[in-house]
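One structure is given here, and the rest of the page talks about it.
Values quoted throughout were computed directly from the atomic coordinates according to the rules given, and no laboratory measurement underlies them. Just so it is clear, the model here is predicted, and its values are computed rather than measured. Cβ placement follows ideal geometry from the backbone for every residue including glycine, while neighbour counts extend to all protein chains displayed.
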């Protein structure tokens, strides 16, 4: 859900949007959230993770509480035809996260004309009058002027939402206006199935429940083995599951946090990288990284790929190999013959076996960590694994 992978920071670390386009929303008969958890929906592709400090380690040392949580959008209606279950409406609204919509729905009145949503109106909801400032993800962040928000959303751009109004009070906007800008930019114009006429949607976000880590499968499949950094006999192994070709850089942020952990504990932590592209188009980047690893250039190629402003093409990857002093012709040949397709498939099989359905994610000595969390939080998790105070 983001999967896909717009990002808001009113307590939420990362949400993304685009790759949910193929997922299906499951309509419910009521507009309000059900009293009991709804039936399982298709899994999110990216991770929305809160930045709370990790919970204390369980006394057994086995089933440690997970760190982070996945929030996924729910879109329901009593009058949505079956054809709407192709996920386009859900994908469009997966950018609309604000704390005010966590487990509390807002209603959106839409009008369908000629097979598309011609107009949409967000009805008042609790907290809609709260003030925030929308900013870009750039460093330093820049405010997005309220009149520009709808176009920003329409262009699949990511933002953060700040509750601190002191830096740019003239750019303050209500939460309701932010959601409305998202709806106007992302929902209006969406092709939909079914007859013309008015319909009402309900949108809210809810936390998905992490399944327990299968420690037996973790050991049997040797999930902790693979390309990485740090001593092979380190007492803590971080297995980082990443899709480094995502357009918003969430996995790159997660990798940077684990590098910060390695810098803090250079002798005590090994980081194993699992390259898990969600689409076939991204598989070549993962294969190129395995090819670079075969030449001893994983770290340098990772740095190049994560620093690139856009997903790398094959020409980019070969050029990176050449610039790094690797055998570029060999890497190009490896890509042409899909030499490392099985290595990527193995990474993805490990991700599936560990019941990971949102990236980035990690296992710290088998303890689940979800989302691109701040380096400080990751350091705390590893310090707990080492038995150190946090």
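Note on residue 137/residue 299: beta-carbon distance plugged into 1/(1 + (r/R0)^6) with R0 of 35 Å gives a FRET efficiency of 0.90.
You can think of it this way: the chain between residue 388 and residue 217 has 58.8 nm of extra reach, that is 0.36 nm per residue less the Cα-Cα gap.
Remind me, what semi-axes does the stretch 76-215 give for its equivalent ellipsoid, largest first in whole Å, using sqrt of 5 times each Cα gyration tensor eigenvalue?
On the way: eigenvalues 143, 83, 42 Å².
Semi-axes (√(5λ), whole Å): 27, 20, 14.
The fewest-to-most ranking of 312, 106 by surrounding Cβ atoms within 10 Å reads 312, 106.
What are the equivalent ellipsoid semi-axes of the stretch 95-168, built from the alpha-carbon gyration tensor (square roots of five times its eigenvalues), in whole angstrom, biggest first?
25, 17, 10
What is the fewest-to-most order of 322, 251 by other Cβ atoms lying within 10 Å of their Cβ?
Ascending number of Cβ neighbours within 10 Å: 322, 251.
Give me the orientation-averaged projected area of the Cα convex hull of the stretch 226-272, in nm², one decimal.
Working: hull surface 12.2 nm².
Approximately 3.1 nm², given one-decimal rounding.
Label zone (residue 336, point 7 Å along Cα-to-C-beta; backbone nitrogen cut-off 20 Å) within the stretch 304-321: 313-321.
Between residue 154 and residue 103, the distance separating the two model label sites (each 7 Å from Cα on the Cα→Cβ line) works out to 3.7 nm. May I ask you to derive the FRET efficiency for residue 232 and residue 260 from their Cβ-Cβ distance with R0 = 22 Å, giving the value to the nearest 0.05? So, using R0 = 22 Å, E works out to roughly 0.60.
Among 173, 356, a tally of other beta-carbon atoms within 10 Å of each Cβ gives an order, fewest to most, of 173, 356.
The coefficient of translational diffusion for the stretch 261-324, derived via Stokes-Einstein from the alpha carbon Kirkwood radius under 25 °C and 0.890 mPa s, stands at 193 µm²/s.
Using a simple spin-label model with pseudo-atoms 7 Å out from Cα toward Cβ, residue 267 and residue 315 lie 4.9 nm apart. Projection of the Cα convex hull of the stretch 287-359, averaged over all directions and equal to a quarter of that hull's surface, yields 5.2 nm². Hey, if you drop one equal point scatterer on each alpha-carbon of the stretch 265-390 and run the Debye formula without solvent, what base-10 log of I(q)/I(0) do you get at q = 0.14, 0.15 Å⁻¹? Results for the stretch 265-390 at q = 0.14, 0.15 Å⁻¹ read -0.70, -0.79.
The stretch 121-183 and the stretch 219-249 have Cα centres separated by 36 Å. Using only the C-alpha atoms, the convex hull of the stretch 135-229 corresponds to 247 Å³ per residue.
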